[in-house]
Every structure is written in C-alpha cells, then in structure tokens.
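The numbers here are math on the coordinates, done by the rules we state, and not lab data. Every value quoted in this text rests on a predicted model; they were computed, and no experiment measured them. Because the Cβ atoms are built from the backbone with ideal geometry, glycine has one as well, and the counts that use them run over all protein chains shown.
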Amino acid sequence: MSNTIFLLPGDGIGPEAMGEVRKIIAHMNDTMGTGFILDEGLVGGCAYDAHGVAISEEDMAKAMAADAVLFGAVGGPKWDSVPYEVRPEAGLLRLRKDMQLFANLRPAICYPALASASSLKPELVEGLDILIVRELTGGVYFGEPKEIIDLGNGQKRGIDTQIYDTYEIERIAGVAFELARTRQNAVCSMEKRNVMKSGVLWNQVVTEVHKRTYSDVKLEHMLADAGGMQLVRAPKQFDVIVTDNLFGDMLSDVAAMLTGSLGMLPSASLGAPDATTGKRKALYEPVHGSAPDIAGKGIANPIAMIASFAMCLRYSFNMVAEAYRLEKAIATVLDKGIRTGDIMGEGCRQVGTSEMGDAILAEF
Ligand code: ATP
Ligand code: MG
C-alpha cells in the first residue's frame, strides 16, 4: 500500500502550521513504521512568485497522484492585486475542480476546555461533535445561466441557477451515510423542498439511497431554515448533517461558531473512489485562512492543521485509532491549560506554534 502525502503549505501561517504536522509525520514514521512518503509543492501567492501561476502543472500532477494532499492556507495583502486568474485562491479552486472533490467535510467539535468560548451556553455545546457534509461541486454556485443582464429600463437582473442531478445527490448522500456508520449512525438531510424543486429531488434521492443501501442508519429530514434554528437551539441532537453547497456553506460557519474556535477547526474534501483501487482523492485543510497579521511570528495556532491531519489518517489511510489518539492528544493539551494566543484563557499558559506542536506530540 502506498502512503504518499503531498504537502502544500501555501502562504502566511500555512507553512508554520504545516511544520508541526511534519513533526508528527516524522514521529509516526520513526516509531510506528507508517512509511509515509512526503513531497512538497507551492500553492497560492508563493507559487505565483515562483512560477506566475497559483499552482504549477507539475504540482497539480503530484496532487492528483498522491494518496492525500495536506493544504495550509493561501493569500495575503502582497498578492491582492495579482491578475484574477492567478490569484492565490485560484490554486485551491483548481485542486477542487481537477480532483473532483465533491464532498466537503466540516466537523464542529467543541473541546470541553474551550466550551466557555462558544457563542452558546457551555452546557449546550460541551462535547459537541457534529459532522457537516456539504456538496461542494454543484448547486447554485455553479449552475448556468449565471449572469447579470441589463433589462434596458434602468433595471438589471441577477441570475443564479440551482441545479442538482440524481447522481450528484446519490454520491454525496452515500458519503454521509458511510461516515455516519463510523460515528453515531444518524444522518439529518437538509434542503428546502417546500419552495425548491432541487430540494424535492434532494429529499427523494436521499430517501431512496437510504432505503436501498443504508437502512441501518437513522435518517431524518429537516428544512434548512429549521435546521439552522435547531443547530443553535440544541446542536447536540445532530450527528451527520448532509446538505447542498449553499446551505452547507452557511450552516458550517454557524456550526463553527458554536465551538467558539474557528481557528481550531479542520476540514476534508473528498472525491469519488478510484475505479480500480477504490481509494478516494482527498485534500485536508484548516478552516482558517492565512492570517497575514500574525504570519512569521511563530504564534499561530497549529491545532486546525494538526486536526486536519487526524482526518487524513482516518479517511485516507484508515488509521482510525491513530486519528483518535491524535485528537485525544489535542484535547489533553487543552485540558492542561496550554494555549496559543488566539485561544488564551484565564490561568492558562501561553505558548507559540512550535511549543504547541511539541506538547501535542508529547501526548500522542
Ligand atoms: P480567508 O483567508 O479564508 O479569507 P480570513 O482572512 O477571513 O480567511 P483568517 O486568515 O483565518 O481569516 O484570519 C482571521 C483572524 O483570525 C486573523 O486575525 C488571524 O490572525 C486569526 N487566525 C486565523 N487562524 C489562526 C490561527 N491558526 N492561529 C491564530 N490566529 C488565527
Ligand atoms: Mg485571509
């Protein structure tokens, strides 16, 4: 079995956070015989500086061939005025498109030690562990027509089109049900079937996929607006939420704020299984951005990046026990009151990026 991981640290705090993951991978190779083979490329502003593009063809090919891609963050004021097609974010969009990463997984985990930082009462979120599965390559963000037309009477018309085909809903539902089986075995599907035809189809297809293949999983349907309300009222009722691109974008940001730690959350984006190997293309990245304001200072919180690597262990290498141990190590370090500046609390000890990485490694 090949274990190649392609690192794309990117810009800003990306390389600093990635450095801590490198330490963990080196430790695993040394002590657990994991045999991970690392390669590294450029994406975003640093790729533009080196090659005049957001990601080179050579690095794209490496990303396509790797078993998993770890992505840091891209962008920063230095590249605010580069041409639109080669802006830093174009690198990530190209990766998503070419790797056909249709399933975006955003866990909302509330570490007990940070429950008081939530926008909600601590008891509502302590121990929260939700997984939002967002469809990432279809829906209203991509549907055609998509334009602004001049109506000629001083009026203009903005048009976006929500389109979902059966196969797109089937494959995202399949991912959600599969993941639910590894968790609390419950899926809540969210759409707006009361006002949208694509919502009617979404509901039907999810129901059929469930009946056909996953009837052992508990399935519930909710209108997305009611779902948003429930997410804030009683978030612990959810295990896996599956929803479309637009609703998933909004609901995952809401869920992130429930945890009180946007800067600590990981994400994964998965593609379809390979026809011969069955292996999914996958890219793992922290939810936060490049944080140019603190880049290069050695104070960035590496936890989101490390937790993204834990997801990589779980979903790309089926190393479930190791993933769990790494997540447990993060929780233990937080319990001990070791914090980077962004999550600093009363009576805690403030550390830098590297010290935080070392502390997690020591518990791993
Ligand atoms: P994006 O690049 O997605 O547009 P953004 O610019 O909206 O992201 P971030 O780059 O995530 O936001 O930064 C937002 C704020 O959070 C900044 O003040 C930044 O310093 C802080 N921040 C983000 N990530 C971290 C981190 N890992 N550690 C410490 N602070 C962070
Ligand atoms: Mg930013």
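Summary of computed values
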{"quantity": "The chain: projected area of the alpha-carbon convex hull, averaged over directions, in nm²", "calculated": "20.0"}
{"quantity": "Charge dipole (the stretch 122-179, unit charges on Cβ, about Cα centre) - positive-most of N153, Y141, L124", "calculated": "N153"}
{"quantity": "Point-charge dipole on Cβ atoms (K/R +1, D/E -1) for the chain, about Cα centre, debye to 20", "calculated": "760"}
{"quantity": "Cα-only radius of gyration and Dmax that characterise the stretch 23-160, units Å", "calculated": "20.8, 71"}
{"quantity": "Counting DSSP beta bridges with both ends in the stretch 94-227, the antiparallel % (nearest 5)", "calculated": "65"}
{"quantity": "Calculated diffusion of the stretch 232-274, Stokes-Einstein form, Kirkwood radius summed over Cα pairs, 37 °C and 0.692 mPa s, µm²/s", "calculated": "271"}
{"quantity": "Taking the stretch 133-231 and dividing mean pair separation by its residue count, relative contact order in percent (alpha carbons under 8 Å, at least six apart)", "calculated": "24"}
{"quantity": "Among beta bridges that DSSP assigns inside the chain, antiparallel share in %, nearest 5", "calculated": "45"}
{"quantity": "Most to least packed among 144-154, 344-354 [average Cβ atoms within 10 Å]", "calculated": "344-354, 144-154"}
{"quantity": "Dipole axis of the stretch 142-236 (+1 Lys, Arg; -1 Asp, Glu on Cβ), positive-most option in V232, M190, H221", "calculated": "V232"}
{"quantity": "Cα-derived Rg over Rh, computed across the stretch 169-311 with Rh taken as Kirkwood radius", "calculated": "1.01"}
{"quantity": "Relative contact order computed over the stretch 242-364 (Cα-Cα under 8 Å; 6+ residues apart), in percent", "calculated": "21"}
{"quantity": "Computed [θ] at 222 nm, helices only, for the chain once each DSSP H run of length n ≥ 4 contributes -39500 (n - 2.57)", "calculated": "-13000 deg cm²/dmol"}
{"quantity": "Relative contact order for the chain, counting Cα pairs under 8 Å that sit 6 or more residues apart, in percent", "calculated": "21"}
